[in-house]
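Below: one structure in structure tokens.
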Amino acid sequence: FESANSFLNAVLCVETNLLPLDLLHQTKQIEVCMGRTAKSSDGIYSDRIMDIDLLLYDALIMETPQLVLPHPLMNQRVSVMEPLAQIAPDLKHPVLHSTMAELLKKIS
């Protein structure tokens, strides 16, 4: 989306003992602590101080009202796939069965 403000997209890989929903809860707390007040909704994106998305959790496939893994839109977003393919080009998407590098190539 377009914004008058500069923003940065990044992807990181972490190791955790937290279960996916617990990890989601922790990331939401981080967002609030950093000043996030609003959530984008209905496909309309707005500026926010911090936005943390869980993209993958190993090869887990999960769908709950709170969390869908893998992230259902990740493979459609160059801003997600480019840094993800940089850190894990050979990682396979557990649903699409393509590597992150292959998925990026499809949308670039």
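Reachable aspartates and glutamates from Lys28, Cα under 14 Å, same-chain residues fewer than 8 places away excluded?
Those aspartates and glutamates meeting the cut-off are Asp51, Asp53.
Here's a follow-up. Here are several values of semi-axes √(5λ) of the Cα gyration tensor in Å: (1) 23, 20, 16; (2) 36, 15, 10; (3) 22, 19, 13. Which one was derived from the coordinates shown?
Label (3) holds the value from this structure.
How large a share of the accessible area of the chain, in percent, is made up of carbon and sulfur atoms when the probe is 1.4 Å and the other protein chains stay in place?
Taking all protein chains in place, the chain shows 56 percent carbon and sulfur surface.
Can you list the residues, at least 5 places off or on another chain, whose amide H is less than 5 Å from the amide H of Met62, using H built in the peptide plane?
Under 5 Å from the amide H of Met62 lie the amide H atoms of Leu69, each far enough along the sequence or on another chain.
Going highest first, how would you order 21-31, 95-105 by mean Cβ packing within 10 Å?
Per-residue Cβ counts within 10 Å, averaged per peptide and sorted highest first, yield 95-105, 21-31.
Tell me the label-point distance for the pair Gln29, Met50, using the 7 Å Cα-to-Cβ offset, in nm and rounded to one decimal.
The answer from the label model is 1.2 nm.
Where only protein heavy atoms count, and the probe is 1.4 Å, what is the accessible area per residue for segment 48-96 in Å²?
Dividing the accessible area of segment 48-96 by its residue count gives 61 Å².
The values are calculated or read from the model by the stated rules, or taken from the named source; none is laboratory data. As the structure is a computational prediction, the values presented were derived from the model and not from experiment. Quick reminder, even Gly has a Cβ in these numbers, built from the backbone with ideal geometry, and neighbours come from all protein chains shown. Accessible surface areas use protein heavy atoms only, side chains included; no ligands, DNA or RNA. Shrake-Rupley method; radii C 1.70, N 1.55, O 1.52, S 1.80 Å.
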